[in-house]
Protein chains: 4
Amino acid sequence: MLTVEYRTDPARIAELLPEGFDLAPEDPGAVALIWADWQSCGDSFEEILDPVRAQYKECFAVVRCSWEDKTWSRCAYIWVDKDFALVRGHHQGYPKKLGSIWMTRPIMVGRAGPRLEPGGTFGATLAAADRRLAQAVLRLKEPVETPGFVNGHPMLHNRSWPAIESDGTDALDELVTMGGYDSEISDAWGGEAEVELFGSPSDELFLLQPLEIIGGYYHRVGVSWKGGTTLRRTFPLEVEG
Amino acid sequence: MLTVEYRTDPARIAELLPEGFDLAPEDPGAVALIWADWQSCGDSFEEILDPVRAQYKECFAVVRCSWEDKTWSRCAYIWVDKDFALVRGHHQGYPKKLGSIWMTRPIMVGRAGPRLEPGGTFGATLAAADRRLAQAVLRLKEPVETPGFVNGHPMLHNRSWPAIESDGTDALDELVTMGGYDSEISDAWGGEAEVELFGSPSDELFLLQPLEIIGGYYHRVGVSWKGGTTLRRTFPLEVEG
Amino acid sequence: MLTVEYRTDPARIAELLPEGFDLAPEDPGAVALIWADWQSCGDSFEEILDPVRAQYKECFAVVRCSWEDKTWSRCAYIWVDKDFALVRGHHQGYPKKLGSIWMTRPIMVGRAGPRLEPGGTFGATLAAADRRLAQAVLRLKEPVETPGFVNGHPMLHNRSWPAIESDGTDALDELVTMGGYDSEISDAWGGEAEVELFGSPSDELFLLQPLEIIGGYYHRVGVSWKGGTTLRRTFPLEVEG
Amino acid sequence: MLTVEYRTDPARIAELLPEGFDLAPEDPGAVALIWADWQSCGDSFEEILDPVRAQYKECFAVVRCSWEDKTWSRCAYIWVDKDFALVRGHHQGYPKKLGSIWMTRPIMVGRAGPRLEPGGTFGATLAAADRRLAQAVLRLKEPVETPGFVNGHPMLHNRSWPAIESDGTDALDELVTMGGYDSEISDAWGGEAEVELFGSPSDELFLLQPLEIIGGYYHRVGVSWKGGTTLRRTFPLEVEG
């Protein structure tokens with residue numbers, strides 16, 4: 001995973017929060033833009049041997065918010081490059097779209113890439129609908145304990161289910177949190193980063209323009225995910241059935 | 001759109017129906033496998049000028065069922081090749097996945113393709129996860145009034161919303177119907193068809209093996225879609241919020 | 001096919017011509033940027049029934065030049081979206097790369113697109129390496145006899161074959177011309193056009209910036225291609241074998 | 001890189017060799033089917049920071065042959081997933097086509113994949129034109145000195161340049177060899193392997209059916225490539241220029 005943390009105008013983050021949510025009390029404009037290259041599978045592990053069904057990449061923007069006196073992480077935008085990840089993400093409250101995601105890999109032999117060492121330099125890009133939306137560069141400086149803080153709280157997501165009538169109402173609106181277990185992290189490095197966000201008529205990531213870079217990070221992570229917890233469930237519509 | 005209608009073992013269709021649904025009373029094993037090449041847009045029409053956001057192809061299998069004394073069409077499986085179509089489809093109760101979909105286009109000049117005339121021959125293929133799942137051939141015979149009957153009833157879909165707890169329960173289960181308006185059809189032709197379905201560990205289309213071909217059809221269609229109607233809405237879980 | 005013809009700085013075109021070629025005597029800065037959506041096949045026609053192997057899209061920039069007292073068309077840059085088209089193009093002297101190419105289709109039913117009639121408006125886009133390189137809009141005005149003039153001469157291409165020694169020498173350099181036969185054209189319309197070209201570190205199309213639009217065109221074409229003619233063949237290297 | 005070595009009917013390999021080439025004297029039916037996941041760049045290293053232009057995967061079948069009393073390796077078929085690799089491969093005499101290539105990655109954290117240790121199990125697949133062409137499974141047993149022998153000789157490739165006249169003649173035919181420098185290898189493991197090859201109307205890999213598995217290998221490699229050597233250059237056609 002490659003992470004760039006930066007500060008945007010907090011007003012841009014406030015616009016993305018549902019009613020009843022507040023900005024995080026400290027560093028309210030902090031954003032983490034994260035690129036990840038995953039290999040995933042179910043409990044049978046069968047997808048591992050058919051890796052077209054196991055590997056996917058994603059790029060997502062995480063912001064923080066305050067709700068019921070706690071600080072939460074929240075995914076504002078996310079792109080993946082496989083359908084199984086997209087559908088699973090919608091289930092989890094991630095507003096996933098398809099994109100083309102690329103990130104430099106560290107190498108252990110040869111010369112065509114950086115090593116995990118001071119000065120090792122990585123690139124990462126995101127495109128959707130045939131437009132480049134973001135690109136970042138990370139230059140490693142030293143090992144770190146934790147690769148950033150913006151994505152470090154429990155996630156707080158809305159799972160809304162618009163009615164088929166397409167009249168602007170939701171049949172169901174949930175507020176959920178989730179977390180992985182057996183999480184394992186290694187090779188965490190910090191360094192200097194740059195990020196550029198480009199405009200698009202169909203994607204709003206560029207609204208979260210960076211005003212100041214906080215830092216950049218590289219790390220490896222393995223995580224198992226089983227399920228989340230519904231914090232609130234509301235049914236705005238009459239029960240008709 | 002290119003349609004192949006055929007009969008499969010009705011038991012295969014019965015296995016796909018939720019509790020409370022029955023097979024259609026007449027020709028219960030009938031299946032329509034439909035390939036479509038769409039251009040779509042919202043009310044602003046802006047996507048038409050950025051066609052990467054307007055054009056998509058899909059392939060879907062339609063079966064029929066009986067519920068509350070009426071016969072309905074129902075999409076059993078569907079693949080599309082763009083994310084906006086996938087997400088819109090999930091909203092409508094279509095179990096969309098991504099696939100690679102190709103169909104021969106009729107031509108008006110030159111020699112590299114069939115014309116809309118007797119003997120004009122079309123191919124259509126579907127692949128997902130790097131495996132070919134289906135291929136069909138259609139040889140036109142004569143103009144027809146209606147391009148098949150399996151997809152001709154109102155659609156009856158379930159929209160289920162599994163709880164984030166991943167414990168097998170649904171937070172919401174809806175039964176919806178929908179239909180387009182301003183539908184316009186042209187150039188409907190019928191003919192002889194063949195279809196082959198191939199096995200896959202991740203897609204179940206091959207379970208609907210053809211036992212007998214009913215017919216094949218080509219037609220053009222334009223349709224507007226606004227919203228559907230919720231026929232039944234159930235909340236299997238306690239309201240916790 | 002959708003064509004936008006415009007004038008760029010003739011010095012930009014001169015930079016692209018090999019030694020011994022001159023600018024066209026009239027309108028030397030004229031460029032045609034052409035989007036095409038093809039269905040192609042060999043003499044057996046078998047690809048028509050497996051359309052993933054028959055259909056491809058391309059976008060290419062054509063300029064003109066003068067050589068041996070004649071005016072020729074010449075492809076400066078070209079992108080396609082299938083490998084069989086790329087390899088065939090290299091054989092023909094087209095410097096093809098892969099790209100993502102989209103163009104609005106005219107429709108005959110429904111509302112999601114333009115018709116071939118005055119005011120019908122089309123979009124076309126090109127992307128490569130996850131960056132948008134070009135986009136155009138065409139608004140039809142009236143039927144025309146010929147859809148532009150820049151691509152109307154015989155093609156004059158170089159086919160160079162760099163030596164495996166990678167020392168900057170060519171083992172072979174050919175000058176070839178080619179043309180189709182049985183060409184058939186229909187539905188040619190002219191209108192007003194706009195085009196934008198965007199920068200990229202890996203593609204040079206943006207160097208041919210439009211200074212003035214000449215016109216825009218839509219037409220359908222069918223063409224057979226058998227082979228070309230070698231006008232000049234030189235062997236810069238010693239024969240070693 | 002993931003390699004499966006096996007024996008096919010030597011007659012199948014003989015059919016692929018040009019006139020004047022013989023089968024390798026020992027183990028003439030040996031084939032190496034190799035999957036590779038590369039990161040590559042030019043001397044400026046700029047592609048490393050725009051990894052969509054640096055990373056590609058390939059799958060290729062290597063056979064051996066005898067020419068002028070030496071044994072050579074020779075690429076029979078090869079698929080890549082990026083255009084820059086395809087064009088560079090044609091320059092080197094590799095008959096590259098586009099394909100979809102996937103291979104399991106070893107992991108260092110988490111549970112979603114194998115580790116480089118006894119029992120670690122990897123999958124690899126190849127598809128082209130929406131058909132799966134090959135799939136393999138490798139189960140690691142122990143570290144090895146060299147990951148196979150079939151791809152271990154200098155490469156001997158033909159670089160042919162068919163005349164634009166499309167009359168079956170070549171304007172140039174070269175026999176070239178090439179090799180990398182600064183090659184670095186690590187993490188070589190051997191183990192048990194299985195491979196399946198599937199039929200296709202457009203790809204002939206399935207003709208090299210495995211009769212007996214020799215072994216399977218995993219290793220990492222870094223290599224620089226500068227150029228090759230022309231061993232023979234013939235000009236079948238008259239010089240006309």
At most 15 other Cβ atoms within 10 Å and a DSSP loop assignment: could you name the GluC sites (Glu not before Pro) in the range D:49-150 that fit?
D:Glu68, D:Glu145
How many percent of DSSP beta bridges within the range A:76-187 run antiparallel, rounded to 5?
85 percent
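Using a 1.4 Å probe on the protein heavy atoms, what percent of the accessible area of the range C:8-97 belongs to carbon and sulfur?
Working: 1640 of 3400 Å².
C and S atoms contribute 48 percent here.
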If you take every DSSP beta bridge fully contained in the range B:73-136, what fraction is antiparallel? Give it as a percent rounded to 5.
75 percent
Summed side-chain charge close to A:Arg64 - residues other than A:Arg64 whose Cβ falls under 12 Å, Lys, Arg +1, Asp, Glu -1
-1
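For chains A and D, what's the summed buried accessible area, probe 1.4 Å, to the nearest 100 square angstrom?
Details: alone 13500 and 13510 Å², together 23750 Å².
Chains A and D together bury approximately 3300 Å².
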Number of Lys pairs in the range A:1-147 closer than 20 Å at Cα, excluding neighbours under 8 places apart unless interchain, is 5
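Given a Förster radius of 60 Å and the C-beta distance between B:Thr234 and C:Glu19 as r, what FRET efficiency does 1/(1 + (r/R0)^6) yield to the nearest 0.05?
Computed FRET efficiency for B:Thr234 and C:Glu19: 0.20.
State the three equivalent ellipsoid semi-axes of the range A:121-231, derived from the C-alpha gyration tensor as the square roots of 5 times its eigenvalues, in descending order and whole Å. Provide the component values of the computation, followed by the final result.
Values: eigenvalues 191, 110, 26 Å².
That gives 31, 23, 11 Å for the three semi-axes.
Over the residues of the range A:54-123, compute the C-alpha Rg and express it relative to 2.2 N^0.38 Å. Walk me through the numbers before you get to the answer.
Values: Rg = 16.3 Å, N = 70, 2.2 N^0.38 = 11.1 Å.
Rg over 2.2 N^0.38 Å, computed on Cα atoms: 1.48.
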Express in whole angstrom the spacing between the alpha-carbon centres of the range A:104-171 and the range A:202-224.
5 Å
Taking a probe of 1.4 angstrom, what is the accessible area of A:Asp187 in Å², to the nearest 10?
60 Å²
Are there any residues in the range D:34-64 with a reduction of at least 40 Å² in accessible surface when going from the isolated chain to the assembly of protein chains? Probe 1.4 Å, please list them by number.
D:Gln39, D:Phe45, D:Ile48, D:Leu49, D:Asp50, D:Pro51, D:Val52, D:Arg53, D:Gln55
Expressed in square angstrom to the nearest 10, the accessible area of C:Ser160 with a 1.4 Å probe stands at 50 Å²
Along Cα→Cβ at 7 Å, what distances in nm separate the C:Thr146 label point from those on the other copies, shortest first?
5.2, 6.5, 7.2
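When all alpha-carbon pairs of chain A are counted, what percent fall beyond 30 Å?
On the way: 7886 of 28920 pairs.
Here the tail beyond 30 Å accounts for 27 percent of pairs.
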Could you work out how much longer the chain between C:Lys226 and C:Met108 gets when fully extended? Use 0.36 nm per residue separation minus the Cα distance between them, nm to one decimal.
39.2 nm
Which percent, to the nearest 5, of DSSP beta bridges fully inside the protein assembly as shown are antiparallel?
95 percent
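Over chain B, what is the relative contact order in whole percent, taking alpha-carbon pairs under 8 Å and six or more residues apart?
Working: 572 pairs, mean separation 49.9, N = 241.
After rounding, I find 21 percent.
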Taking amide H positions as placed in the peptide plane 1.01 Å from N, state which residues far from A:Ser166 in sequence (5 or more) or on other chains have amide H under 5 Å from it.
B:Gly228
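About the Cα centre of the protein assembly as shown, how large is the charge dipole given +1 on each Lys and Arg Cβ and -1 on each Asp and Glu Cβ? Please answer in debye to the nearest 20. Intermediate results must be reported in sequence, preceding the final value.
On the way: 92 positive and 148 negative charges, 0 e Å.
Dipole of the protein assembly as shown, to the nearest 20 debye: 0 debye.
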With a 1.4 Å probe and all protein chains left in place, how much accessible area per residue does the protein assembly as shown have, in Å²?
41 Å²
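Can you give the local net charge around A:Arg105? Use residues other than it whose beta-carbon is closer than 10 angstrom to its beta-carbon, Lys and Arg +1, Asp and Glu -1. Don't skip to the end; give the middle numbers.
Numbers: positive: D:Arg105; negative: A:Asp37, D:Asp37.
Local net charge: -1.
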Under 14 Å from the Cβ of D:Phe84, count the other residues' Cβ atoms, weight Lys and Arg +1, Asp and Glu -1, and hand me the total.
-2
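Counting only protein heavy atoms and a 1.4 Å probe, tell me what percentage of the range B:121-209's accessible area is made up of carbon and sulfur. If you can, show how the numbers build up before the last one.
Numbers: 1790 of 3640 Å².
For the range B:121-209, the apolar C and S fraction of the accessible surface comes to 49 percent.
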In debye, nearest 20, what is the charge dipole magnitude of chain A about its Cα centre with +1 on Lys and Arg Cβ and -1 on Asp and Glu Cβ, if you could check?
780 debye
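For the range C:16-115, give the magnitude of the charge dipole about the Cα centre (Cβ charges: +1 Lys/Arg, -1 Asp/Glu; no others), in debye to the nearest 20.
Working: 12 positive and 14 negative charges, 110 e Å.
Using Cβ point charges on Lys, Arg, Asp and Glu, the range C:16-115 gives about 520 debye.
The values are calculated or read from the model by the stated rules, or taken from the named source; none is laboratory data. Nothing here was measured: the structure is a model prediction, and the numbers come from that model. Note that we place each Cβ from the backbone using ideal geometry, even for glycine, and neighbour counts take in every protein chain shown. Ligands, DNA and RNA are excluded from the accessible area calculation, which covers all protein heavy atoms including side chains. Shrake-Rupley method; radii C 1.70, N 1.55, O 1.52, S 1.80 Å.
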